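The values are calculated or read from the model by the stated rules, or taken from the named source; none is laboratory data. Quick caveat, the model's predicted, so the values are computed rather than measured. No Cβ is skipped: glycine too gets one built from the backbone with ideal geometry, and neighbour counts run over all protein chains shown.
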Amino acid sequence: MSEQEGTRTWQAFLSFPLGKRLEKPRQQGLTMIIDKGLGLVETKDILHVCGQYIDFFKLGFGTPALYAPEVLEEKVHLVKSFGIDIYPGGTFFEVAILQGKIEEYLYLAKTIGFTAIEVSDGTITLPHEIREKAIARAADLGFKVLTEVGKKNEEHHSVQHLVEQIRRDLQHGAYRVILEGRESGINVGLYDGQGRFIQEELEELLCGIGDPRVLIWEAPRKNQQEELILRFGPNVNLGNIPPNEVLALEALRVGLRADTLKITL
Ligand SMILES: O=C(O)[C@H](CS(=O)(=O)O)OP(=O)(O)O
């Protein structure tokens, strides 16, 4: 094969993405990953291979507090250089609330260079007015504000409660609302003990919110990603994706995997 033919073949190969996938910067089809402590070299590797497919990079839980300052600074800088928003896990926000240090938390997050903030109450009780003040303050400081609904413990909020919270968060300036799914995707949020959607709750939620594009679905398991992609298309917003599964998810989105191949037909 001549060099020219080789280039043509390669270009044809690269033009394969089949589903109608939006390119970055995009407002839909967002992928949020959960990072639990990748080193700088691993981070660089993932960004070089998958940077174009990642929109939000969550440094899980309170892990940002555990890095050496220079490593955290470099990691934040690196992630941002790929056009990706970076933010600390919602649990860190909840610790700041419990300690009465929300202003300090936001100030430090800004100084370090985080571009987004998650406002959540997965583990704590968060009165409406404090939640709404935190959303507004973070937005004022220039953060993209992601809020989260749903509990991490046995306390199970009714779907009606979730719908009301989603509406309020959006009215107060949330960019997107995350549906709790944890890292496991089992027995949490709208997932049952096998990690399957509780269908009546899913339908009730969709009926209540109207437009599902305001949500980011935490969907760490393949069956959950598959169901959401088949239902809402390749540009559904998905979160808590393990960093080493971003490419596999992207293949699922565009129908380059047996499970979703039919969306390309
Ligand atoms: O990063 C966090 O704080 C948690 C991680 S998990 O839900 O405990 O697995 O997620 P978040 O959605 O940010 O609350």
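Residues in the stretch 185-195: is at least one more than 27 Å from THR115 (Cβ to Cβ), assigned to a strand (DSSP E or B) and either of a type outside the set (A, V, I, L, M) or without any contact (Cβ under 8 Å) to a residue 12 or more places away in the chain (or both)?
Among the residues of the stretch 185-195, at least one is more than 27 Å from THR115 (Cβ to Cβ), assigned to a strand (DSSP E or B) and either of a type outside the set (A, V, I, L, M) or without any contact (Cβ under 8 Å) to a residue 12 or more places away in the chain (or both), which makes the answer yes.
Among the numbered criteria (1) farther than 26 Å from GLY150 by Cβ; (2) polar (S, T, N, Q); (3) touching a residue at least 60 places away in the same chain (Cβ under 8 Å), which single criterion is violated by GLN28?
(1)
So GLY83 ticks every box in (1) without any contact (Cβ under 8 Å) to a residue 40 or more places away in the chain; (2) within 21 Å of GLU245 (Cα to Cα) but one. Which box is left unticked?
Result: GLY83 fails condition (1) only.
Are any residues in the stretch 222-252 more than 20 Å from ARG182 (Cα to Cα) and charged (D, E, K, R), and if so, which ones?
Residues of the stretch 222-252 that are more than 20 Å from ARG182 (Cα to Cα), as a first pass: 230-235, 247, 250-252.
Across the stretch 222-252, the qualifying residues are ARG231, GLU250.
Within the stretch 62-96, restricting attention to residues that are in contact with a Leu (Cβ under 7 Å, 6 or more places away or on another chain) and part of a loop (DSSP other than H, G, I, E, B), which residue is farthest from the ligand (Cβ to nearest atom)?
PHE82
If you check LEU249, LEU228, which single one turns out to be farther than 16 Å from ILE33 by Cα, outside any loop (DSSP other than H, G, I, E, B), at pLDDT 95 or above and among the aliphatic types (A, V, I, L, M)?
On the way: LEU249 fails: farther than 16 Å from ILE33 by Cα.
One residue alone meets the criteria, LEU228.
Residues in the stretch 141-161 that are away from the ligand (no atom under 14 Å from the Cβ), among the polar types (S, T, N, Q) and assigned to a loop (DSSP other than H, G, I, E, B): how many?
Of the residues in that region, 1 qualify.
Scan the stretch 190-220 for residues that are surrounded by fewer than 18 Cβ atoms within 10 Å (Cβ to Cβ) and under 16 Å from the mean Cα position of the chain (by Cα) and jot them down.
Result: PRO212, ARG213, VAL214.
Filter the stretch 117-169 down to the residues that are modelled with pLDDT under 95 and polar (S, T, N, Q), then identify the one that is surrounded by the most Cβ atoms within 10 Å (Cβ to Cβ).
Among them, the one singled out is SER158.
So which pairs qualify, if the first residue must be in the stretch 53-77 and at positive phi, the second must be of a type in the set (S, T, N, Q), the Cβ gap must be under 6 Å, and the two must be at least 6 apart or on different chains?
PHE61/THR91
Taking the stretch 234-256 on its own, how many of its residues are over 17 Å from LYS24 (Cα atoms) and either touching a strand residue (DSSP E or B) at 6+ places or on another chain (Cβ under 8 Å) or not acidic (Asp, Glu) (or both)?
Pass one, the stretch 234-256, residues over 17 Å from LYS24 (Cα atoms): 240-245, 248, 252, 255-256.
With the extra rule that they be either touching a strand residue (DSSP E or B) at 6+ places or on another chain (Cβ under 8 Å) or not acidic (Asp, Glu) (or both), the set shrinks to 240-244, 248, 252, 255-256.
The total comes to 9.
I'm trying to understand the selection: among the residues of the stretch 170-183, which are surrounded by fewer than 19 Cβ atoms within 10 Å (Cβ to Cβ) and away from the ligand (no atom under 14 Å from the Cβ)? Spell out how you get there, then give the answer.
Going residue by residue through the stretch 170-183, those that are surrounded by fewer than 19 Cβ atoms within 10 Å (Cβ to Cβ) are 170-173, 182-183.
Answer for the stretch 170-183, where residues must be surrounded by fewer than 19 Cβ atoms within 10 Å (Cβ to Cβ) and away from the ligand (no atom under 14 Å from the Cβ): LEU170, GLN171, HIS172, GLY173.
Looking only at residues that are in contact with a Leu (Cβ under 9 Å, 6 or more places away or on another chain) and aromatic (Phe, Trp, Tyr) in the stretch 97-117, which one is farthest from the ligand (Cβ to nearest atom)?
Among those residues, the one meeting the criterion is TYR107.
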